Amino acid sequence: MSFKRFDTEDIVVSTDSITGTAWSTGNPALTDYFTSSIQVAGSSGDFYISVFQVDPALSASLSEVQFEVAYCDNKGSGSVYYNAGVTGKTPTLTNFGQYRSLILEDENAEFKFGTDTNVVTGSHFYALSVERARYKESLFPSSFNIALSGSGGTLHLTDNSKDTLVNTFLGSTRVFQVVSGSNGTSFSGTGYSPTLGSYGLFLPDIGTVLLNPQAISESIQLEATRGNNTNSKNSEAFISSLILESGGEFKLNSQETITSDYVFVRARNGEFNYSENPSFISGSTGEVIYSNFINQPQVYVTTIGMYNDANELLATAKLSRPLLKDFTKEALVRVKLDF
């Protein structure tokens, strides 16, 4: 075993962005949507509805949650009161407050859909939360594509990440506007609805999409019912708009930034040519048994170990095959460490 201290130029730090499909199907497009009647009828169904890629009633072992849909309303409309004696306190109000705290980080702040002169305050919205197991670090901007169907036609939505030169934030969360378009670009102009701002907000770092019911209703007449102390089933109606869209699909990819250290291990011609294998040395005299290993040694490099100053082994790199080394050869091995 031989040791050599790394020089400054032997270590290079690099970052790579890796993308992959978000859905369990391994396909960027999710074309089949299923809900669980048990979950919808349960206590959690008052707050959100889970969407699966396989019907859980037919195969519970294969079905996995892909995303959740929740209807949120700052007046508490669209769901039943927790207590008949306390008006307005409902699951939709709780949902609204949770997303306001998560995204805006201020319980008095308001959601705004759109920019410049075409902007509307979001008093209610649909929240699509991608299941955390479906993505690694964040969602990949420009990969978001969704098709909705209403009595007024169809609507294809995407984020405007390719039309935006500077990132904007809500609180500490990166945000893009949801617009009429495809693959991160609007079909025309800003891609907003005519008078009611953008179609929503795309928040890739927390795996969430907020959709503006007012803009959607204006475009395709997909209404969100805001009745008091009544279950309007807005989340179910929204999921139905996905299912009913002919050839509809929900496209989405995830991304992950991996930081790598590249360590260049250099074995010059005069280095690492001798073996410490005890079978090469006489146990009684300490002399080298084979004289040709003195002037013409040959060794095979198989493993590289990296140690700290306390002589503690931190990482080990195995070569794909033994590397012949002698005085006539030099070697350069690149070791990649991912974090």
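The values are calculated or read from the model by the stated rules, or taken from the named source; none is laboratory data. Since this is a predicted model, take the numbers as computed values, not measurements. Positions of Cβ are generated from backbone atoms using ideal geometry, with glycine treated the same way; all protein chains shown enter the neighbour counts. Protein only, heavy atoms only, side chains kept; ligands, DNA and RNA dropped before computing areas. Shrake-Rupley method; radii C 1.70, N 1.55, O 1.52, S 1.80 Å.
Assorted remarks:
- Three-way shape label, the range 119-209, alpha-carbon gyration tensor, a/c 1.5: rounded
- Degrees separating the helix 234-244 axis from the principal Cα axis of the chain, which is the longest one: 70 degrees
- Under the convention that each Lys and Arg Cβ holds +1 and each Asp and Glu Cβ holds -1, the size of the dipole of the chain around its Cα centre is about 260 debye.
- Length-normalised contact order for the range 144-198 - Cα pairs under 8 Å, 6+ apart - percent: 31 percent
- The share of accessible area on the chain that comes from carbon and sulfur is 50 percent, using a 1.4 angstrom probe.
- Qualifying chymotrypsin sites (Phe, Trp or Tyr not before Pro) in the range 1-33, where qualification requires a DSSP coil assignment and no more than 11 other C-beta atoms within 10 Å, comprise Phe3.
- Of Gly286, Val120, Gly78, farthest towards positive along the dipole that unit charges on Lys, Arg, Asp, Glu beta carbons give the chain: Gly286
- Evaluated with a Cβ-only charge set (Lys, Arg +1; Asp, Glu -1), the range 184-314 carries a dipole of roughly 300 debye about its Cα centre, given to the nearest 20.
- Taking GluC sites (Glu not before Pro) across the range 80-189, the ones in a DSSP loop with at most 11 further Cβ atoms lying within 10 angstrom of their Cβ are Glu107, Glu110.
- Note on the chain: Lys pairs 8 or more places apart or on different chains, Cα atoms under 30 Å apart, count 22.
- Annotation: amide H-H contacts under 5 Å for Phe52 (H modelled 1.01 Å from N, sequence separation of 5 or more, or interchain): Phe34, Thr35, Gln66.
- Trypsin sites (Lys or Arg not before Pro) restricted to DSSP loop in the range 240-318 with at most 13 other C-beta within 10 Å: Arg268
- When the charge dipole of the chain is built from unit charges on Cβ atoms (+1 for Lys and Arg, -1 for Asp and Glu) and taken about the Cα centre, the candidate among Gly207, Pro91, Ser63 whose Cα reaches farthest toward its positive end is Ser63.
- Around Thr302: net Lys/Arg minus Asp/Glu count, Cβ-Cβ under 11 Å: +3
- Estimated from the Cβ-Cβ distance and a Förster radius of 45 angstrom, the FRET efficiency linking Arg5 and Ala109 is about 0.25.
- Three-way shape call for the range 166-234 based on the alpha-carbon gyration tensor, with the a/c threshold at 1.5: oblate
- Comparing Cα centroids, the range 269-302 and the range 46-93 end up 72 angstrom apart.
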